[in-house]
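Working notes, beginning with the structure itself.
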Amino acid sequence: MESQTTSIAAARPPQFETSEQSRDALCRVFANARRRATLRVLATHDDAIEIDALAEAVVGEEFEDEGDDERTDRVLVSLYHNHLPMLADCDLLEVDRRGERVFVHPNTADIAALL
């Protein structure tokens, strides 16, 4: 089975033709607290992070505690179905759905600079 990978570029998404469209996409990314928390977590990782570990870290970032299994599961589902695809569309990360691992775009400095 082949890997299904989606990637996005930091401030210059190739699919956008104008800088206004690029700014709009970044505004949508930063409009959501969970996506901001996800980016803060990912900015501290230079390599791949398991999606389960990412969900736990996002729960800690959002709620300042470890949370419970139900909360972590809800965050995991929202990351997988909503937030990670949007971040991938902006080339901020890559998602390898086959292995259930989240791969961060190699230049994590761009993510940190956006925060």
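The values are calculated or read from the model by the stated rules, or taken from the named source; none is laboratory data. As the structure is a computational prediction, the values presented were derived from the model and not from experiment. For neighbour counting, all protein chains shown are included, and Cβ atoms are generated from backbone atoms with ideal geometry for every residue, glycine included.
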Filtering region 54-100 down to residues that are in contact with a Phe, Trp or Tyr (Cβ under 9 Å, 6 or more places away or on another chain) and among the basic types (Lys, Arg) yields 71, 97
Looking at residue 76, is it within 11 Å of the chain's Cα centre (by Cα) and either surrounded by fewer than 16 Cβ atoms within 10 Å (Cβ to Cβ) or in a helix (DSSP H, G or I) (or both)?
no
Any chance region 24-46 includes a residue that's within 16 Å of residue 114 (Cβ to Cβ), without any contact (Cβ under 8 Å) to a residue 40 or more places away in the chain and surrounded by 17 or more Cβ atoms within 10 Å (Cβ to Cβ)?
yes
For region 55-73, which residues satisfy the criterion of being touching a helix residue (DSSP H, G or I) at 6+ places or on another chain (Cβ under 9 Å) and not in a loop (DSSP other than H, G, I, E, B)?
55, 56, 57, 58, 59, 60, 61, 62, 63, 71, 72, 73
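Residue 62 - would you say it is over 18 Å from residue 25 (Cβ atoms) and modelled with pLDDT under 90?
Working: over 18 Å from residue 25 (Cβ atoms): yes; modelled with pLDDT under 90: no.
Here the answer is no, as residue 62 does not meet what is asked.
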